[in-house]
Amino acid sequence: MGKLAARARIIQNYEIILDNGRAHSTVVDQPTEISAGLGPTPLELCVMSHAGCYVTIAALTAKKMRLELRGCDVKVEAIKNPEVGTITEETFEITFKIDATADRVQRLHELTLKNCPVGLLFEKAGTKINYTIKIQKE
């Protein structure tokens, strides 16, 4: 997939519907006194996209590595620097549900970072990203 598409249209006030031209849509909103906050803000959606991209690429990478990934839970906390006006730092807490050695999980993580397109955008923007990895075995 070489080209991506997006469209944004105001519903009312600051409520915006986004779609990708492939029948998928979501609402973003800027909660104020005139807007109810019906969806995440666009910046929150960026952080959510980063978390979602990491999990997606981890699942695809685990399959290629022939690892049985039973789950991957990612929590992200982002810091918005008021002086810069955007996110300058993120902290990821990643929990893999997997029966694999720490070395294999570390390799899974490294390959995920290398191939996560949203993460690459954040890195190229100079965002400082910290990762904590936990392994849950059954």
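A short reminder: the numbers here are calculations on the coordinates, not readings from a lab. Nothing here was measured: the structure is a model prediction, and the numbers come from that model. Neighbour counts run over all protein chains shown; Cβ positions are idealised from the backbone, glycine included.
Could you check the spin-label model distance between V27 and E83? Points 7 Å from the Cα along Cα→Cβ, value in nm.
The modelled label-to-label distance comes out at 3.8 nm.
With 17 Å as the cut-off, how large is the P(r) tail for the chain, expressed as percent of Cα-Cα pairs?
66 percent
Just subtract the alpha-carbon distance of A36 and R66 from 0.36 nm times their residue separation and send over the number in nm, one decimal.
Details: separation 30, 0.36 × 30 = 10.80 nm, distance 4.55 nm.
Between A36 and R66, full extension yields 6.2 nm more.
Suppose we keep just the DSSP beta bridges with both residues in the chain; what percent of those would be antiparallel, to 5? Don't skip to the answer; put the middle values down first.
Values: 22 of 31 bridges.
Counting DSSP beta bridges with both partners in the chain, the antiparallel share is about 70 percent.
Suppose each label sits 7 Å from its Cα in the direction of the beta carbon; what would the I10-I135 distance come out to in nanometres?
5.3 nm
Can you work out the Karplus-derived ³J(HN,Hα) for every residue in segment 23-29? Use 6.51 cos²θ - 1.76 cosθ + 1.60 with θ = phi - 60°, whole Hz, and x for glycine or proline.
Result, ordered by residue: 6, 10, 9, 8, 10, 10, 8 Hz.
Out of the GluC sites (Glu not before Pro) in segment 44-104, which ones are loop residues according to DSSP with at most 16 other C-beta atoms within 10 Å?
In loop regions of segment 44-104 (DSSP not H, G, I, E or B), the sparsely surrounded GluC sites (Glu not before Pro) are E68, E83.
Note the count of lysine pairs whose C-alpha atoms are less than 21 angstrom apart in segment 42-136, limited to pairs 8 or more residues apart or on different chains.
So the count of such lysine pairs works out to 17.
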